[in-house]
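Participant: Quick one: the structure is below, and I'll ask about it shortly.
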Amino acid sequence: MSDLSPRSGMSAAEIDDVVDRIIEQATLTEKVAMMSGKGFLAQIREDDGQWGKRPYRAGAGLDRLNVPYLWFTDGPRGVARGQSTCFPCSMSRGASFDIDLERRIGEVMGIEARAQDCNLSGAVCINLLRHPAWGRAQETYGEDPHHLGEMGAALAGGIQTHNVIATVKHFALNSVENTRFTIDVAIDDAVLHEVYLPHFRRVLDEGCASVMSAYNKINGEYCGQNRKLLTNILRHDWSFDGFVHSDWLLGVYKPYGASAGLDIENPEPLVYGENLVKAVEGGLIEPYVIDTACRRILRTLYRFAAAEDPLAEYTIELVACENHRALALEAAEKGAVLLENDGVLPLSIDIGKLAVIGALADKENTGDFGSSRVNAPYVVTPLEGLMRLLGEDRIVHADGSSQSHLADAVEAADTIVAVVGYTADDEGEYIPGDLVPQMPETVKEAIPQENGERDPRGGDRSSLVLPQDQVELIEAAKESGKPVIVVVVAGSAVMVEEWRDGTNAILQTFYSGMEGGTALARLLFGEVSPSAKLPFTVARNAEDYPFFDRTATAITYDRWHGYTKFEHEEIQPRYAFGHGLSYTSFAYRALRAREVNDTIEIEVSVANTGDRASEEVVLAFAHLPGPKEDTPLRLLKGFTRVAIEPGQARPVTIPIAKDTLRRYDAKRREWYMPKGQYTFSVGDRSASVEL
Ligand code: BGC
């Protein structure tokens with residue numbers, strides 16, 4: 001028997017050679033078997049429906065020749081396996097605008113994946129947040145393509161540092177959850193290339209080696225068998241040489257998905273397997289399609305398997321170790337957005353008694369219960385975090401279920417913190433067993449239902465406002481006349497119009513991970529200054545967002561969404577993209593833009609004009625020339641984060657690659673640089689300078 005397993009240190013030529021030999025020696029059936037996952041349904045049945053208990057066999061593998069398998073684990077808020085570090089959800093990390101932090105988080109995910117026998121990670125989710133009701137908004141970073149690309153590239157790069165293949169998902173236009181298996185998104189080519197794809201390209205250019213296709217259709221064809229997407233764009237236009245695999249179950253419908261460019265059907269050969277073998281034998285699919293897919297899969301797998309590891313060992317002790325938990329805390333501190341503050345924050349440690357109210361105050365609420373769920377060894381809730389910092393005897397808690405208890409708590413306190421927002425029941429991945437009528441019975445049976453029922457859970461939000469009982473909770477707090485701080489836990493924008501007046505501060509923490517409560521206490525009491533900025537727009541009126549219907553099976557995406565839509569239509573949002581306060585103030589001066597080869601370097605001096613140290617996220621926008629009807633007023637093209645001491649100023653340089661200023665000519669299928677004047681601005685609305 002030949003041993004064609006990967007060896008450490010193999011050169012690219014040696015890898016090519018061994019891959020050729022595998023392809024030569026494998027039978028058609030064996031090659032097709034490498035083009036699908038296997039065993040997931042049996043596993044999930046044995047594990048009582050628990051997602052992520054074991055790694056999933058996700059393609060490759062041929063025992064006869066010692067070819068290893070791909071072993072998959074999910075993300076993005078940590079490794080969705082064992083008891084891993086649970087980071088804040090991606091949207092919170094998006095709000096940090098911290099590339100370096102995201103890369104370090106990626107490294108931890110890489111380490112924890114390796115320590116738990118996985119070599120393929122599904123943590124990099126960069127679908128664009130088109131509408132805040134999208135159930136999986138928490139799994140992505142925000143509404144802006146440039147920002148999505150930079151954050152996703154950092155995460156993928158970090159994961160791959162430890163020789164775990166990162167897969168970027170869901171390719172593409174997956175931003176409605178409840179109908180994700182059926183919805184058909186109509187889009188024109190310019191919008192597709194300029195708005196919905198650049199972030200995928202950015203992540204792949206960084207070296208991310210795998211792509212997961214989306215469930216939905218684009219212009220009439222499922223993404224998992226969409227030739228234009230998987231071959232013309234991905235391989236021809238972008239020269240991507242990694243492999244593409246489907247999303248889990250129902251990611252591809254026809255064996256011709258293989259010819260379209262889908263290399264692996266995950267997690268079971270429901271459509272590939274025998275059908276694909278027959279299609280090749282019957283002449284419907286060329287044998288080279290199979291060889292090409294296997295070559296892409298194996299080259300990638302071998303490249304990663306042969307690379308030198310940065311760590312000597314990946315032991316289970318590394319999972320959720322102290323350093324990793326410290327990183328989860330840092331991320332939670334850097335990812336909370338201070339939306340309002342009349343000066344009540346930071347709280348003084350001599351504050352007297354604090355009422356912490358709301359059912360979410362005492363809940364381990366790290367996000368959705370779908371594939372991204374991370375089962376952390378512990379979760380510090382908001383209440384616990386505040387008790388640890390202030391002392392239990394100085395905190396009164398009422399969950400709001402009893403009016404008299406709530407009134408007593410409010411009465412006893414000097415200041416009130418109301419924790420409101422959502423849970424996995426309100427938003428997240430939507431996984432009822434009977435969602436898809438066409439799902440094979442074997443699949444339905446394999447996914448056990450709680451209490452024997454097929455209750456839907458999560459999915460797209462039904463509304464952008466807080467549940468009525470939470471609004472009443474805030475009102476009760478306000479009526480006391482005491483300072484009220486509202487902490488909002490949610491995956492994206494929550495409308496605040498109904499209850500904002502009369503509150504003293506609003507802090508959006510998102511789902512802040514296993515150390516979220518510790519971070520909350522440190523932020524509220526000023527041990528660290530908030531520094532995050534909104535990676536999306538919060539409207540005053542839900543109607544100001546693009547059309548969204550969670551039951552829609554057809555929808556059109558145009559270019560206008562998020563801040564580009566608000567600015568184009570001259571609508572005042574409640575909180576603009578990039579809004580976020582700190583405990584100090586910043587001033588921007590001396591903006592310069594310089595052309596340096598293929599880059600425009602934006603230089604600006606940022607001064608901390610307050611009396612506290614803080615980090616500042618600096619956003620750089622380009623205002624492109626072009627007709628108003630299809631040219632956004634400005635687009636984010638660069639950002640950075642700097643730490644500045646009070647009274648100090650720091651020079652900041654943000655490079656903008658000229659390439660990213662190009663537009664797409666759909667008729668000619670090419671990018672071009674629009675002629676005219678380019679303007680650059682730096683900062684958010686409150687502290688911006690323009691050039
Ligand atoms: C999700 C993917 C996930 C996969 C595997 C699917 O339901 O859409 O994001 O990676 O399951 O768990």
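The values are calculated or read from the model by the stated rules, or taken from the named source; none is laboratory data. Note that the structure is predicted; figures quoted are calculated from it, not measured. Note: ideal-geometry Cβ built from the backbone for every residue, glycine included; neighbour counts use all protein chains shown. Side chains included, ligands, DNA and RNA excluded: accessible areas come from the protein's heavy atoms. Shrake-Rupley method; radii C 1.70, N 1.55, O 1.52, S 1.80 Å.
Participant: As an exercise: evaluate GLY49 against (1) within 27 Å of the chain's Cα centre (by Cα); (2) under 19 Å from GLU265 (Cα atoms) and give the number of the one condition it does not meet.
Facilitator: Going through (1) within 27 Å of the chain's Cα centre (by Cα); (2) under 19 Å from GLU265 (Cα atoms) one by one, GLY49 breaks only (2).
Participant: If I filter the range 374-388 for residues that are open to solvent by less than 70 Å² (accessible area, probe 1.4 Å), within 16 Å of the ligand (Cβ to nearest atom) and within 30 Å of GLY458 (Cα to Cα), do I get at least one hit?
Facilitator: Looking through the range 374-388, at least one residue is open to solvent by less than 70 Å² (accessible area, probe 1.4 Å), within 16 Å of the ligand (Cβ to nearest atom) and within 30 Å of GLY458 (Cα to Cα).
Participant: For the range 153-204, what are the residues that are in a strand (DSSP E or B) and either within 13 Å of the ligand (Cβ to nearest atom) or touching a helix residue (DSSP H, G or I) at 6+ places or on another chain (Cβ under 6 Å) (or both)?
Facilitator: ILE165, ALA166, THR167, VAL168, LYS169, HIS170, PHE171
Participant: What residue, of GLY135, GLY110, is in contact with a Ser or Thr (Cβ under 9 Å, 6 or more places away or on another chain) and crowded, with 24+ Cβ neighbours inside 10 Å? Please lay out each step first, then the result.
Facilitator: Details: GLY135 fails: in contact with a Ser or Thr (Cβ under 9 Å, 6 or more places away or on another chain).
Selected residue: GLY110, the only one of GLY135, GLY110 that is in contact with a Ser or Thr (Cβ under 9 Å, 6 or more places away or on another chain) and crowded, with 24+ Cβ neighbours inside 10 Å.
Participant: Let me ask something else about it. Please name all residue pairs, on different chains or six or more residues apart, with Cβ atoms under 7 Å, provided the first residue is in the range 1-21 and is more than 16 Å from LEU65 (Cα to Cα) and the second residue is open to solvent by less than 30 Å² (accessible area, probe 1.4 Å).
Facilitator: SER8/ALA306; GLY9/ALA306; MET10/TYR302; MET10/ALA306
Participant: For the range 216-226, which positions are open to solvent by 10 Å² or more (accessible area, probe 1.4 Å) and either in a loop (DSSP other than H, G, I, E, B) or among the small types (Gly, Ala, Ser) (or both)?
Facilitator: ASN219, GLY220, ASN226
Participant: Being in contact with a helix residue (DSSP H, G or I) (Cβ under 8 Å, 6 or more places away or on another chain) and either open to solvent by 20 Å² or more (accessible area, probe 1.4 Å) or farther than 24 Å from LEU347 by Cα (or both) is the filter here; which residues of the range 570-584 pass it?
Facilitator: Residues satisfying the conditions are ILE571, GLN572, PRO573, ALA576, PHE577, GLY578, HIS579.
Participant: Within the set of pairs 6+ apart or on separate chains, which have a first residue in the range 226-245 that is more than 19 Å from ALA12 (Cβ to Cβ), a second that is of a type in the set (Ser, Thr, Tyr) and modelled with pLDDT of 95 or more, and C-beta atoms under 7 Å apart?
Facilitator: Going by the 7 Å Cβ cut-off, the qualifying pairs are LEU230/SER213; VAL244/SER213; HIS245/THR167; HIS245/SER210.
Participant: If ASP425 passes every condition in (1) more than 16 Å from the ligand (Cβ to nearest atom); (2) at pLDDT 95 or above but one, which one does it miss?
Facilitator: All conditions pass for ASP425, except number (2).
Participant: Quick one: would you say THR85 is hydroxyl-bearing (Ser, Thr, Tyr), within 16 Å of the ligand (Cβ to nearest atom) and modelled with pLDDT of 95 or more?
Facilitator: no
Participant: Does the range 109-121 contain at least one residue that is within 16 Å of the ligand (Cβ to nearest atom), under 25 Å from THR423 (Cβ atoms), modelled with pLDDT under 95 and not charged (D, E, K, R)?
Facilitator: Among the residues of the range 109-121, not one is within 16 Å of the ligand (Cβ to nearest atom), under 25 Å from THR423 (Cβ atoms), modelled with pLDDT under 95 and not charged (D, E, K, R), which makes the answer no.
Participant: Answer yes or no: is there a residue in the range 540-549 that is at pLDDT 95 or above, under 29 Å from PHE639 (Cα atoms) and surrounded by 18 or more Cβ atoms within 10 Å (Cβ to Cβ).
Facilitator: Yes, the range 540-549 contains a residue that is at pLDDT 95 or above, under 29 Å from PHE639 (Cα atoms) and surrounded by 18 or more Cβ atoms within 10 Å (Cβ to Cβ).
Participant: Of the conditions (1) part of a loop (DSSP other than H, G, I, E, B); (2) within 30 Å of GLY149 (Cα to Cα); (3) open to solvent by 10 Å² or more (accessible area, probe 1.4 Å), GLY78 clears all except one; give me its number.
Facilitator: Status for GLY78: all satisfied but (3).
Participant: Something else now. Evaluate the following for LEU262: is it over 20 Å from GLY370 (Cβ atoms), within 16 Å of the ligand (Cβ to nearest atom) and assigned to a loop (DSSP other than H, G, I, E, B)?
Facilitator: yes
Participant: Sort through VAL124, VAL79 and tell me the only one that's aliphatic (A, V, I, L, M), within 13 Å of the ligand (Cβ to nearest atom), touching a residue at least 12 places away in the same chain (Cβ under 8 Å) and under 30 Å from ALA539 (Cβ atoms).
Facilitator: Matching residue, one of VAL124, VAL79: VAL124.
Participant: Where in the range 596-691 are the strands (runs of 3 or more DSSP E), entirely inside, with at least 2 residues that are of a type in the set (Lys, Arg)? Lay out the reasoning, then the answer.
Facilitator: Values: elements: 599-608, 614-623, 635-644, 649-657, 663-665, 670-672, 679-682.
Here the list reads 635-644.
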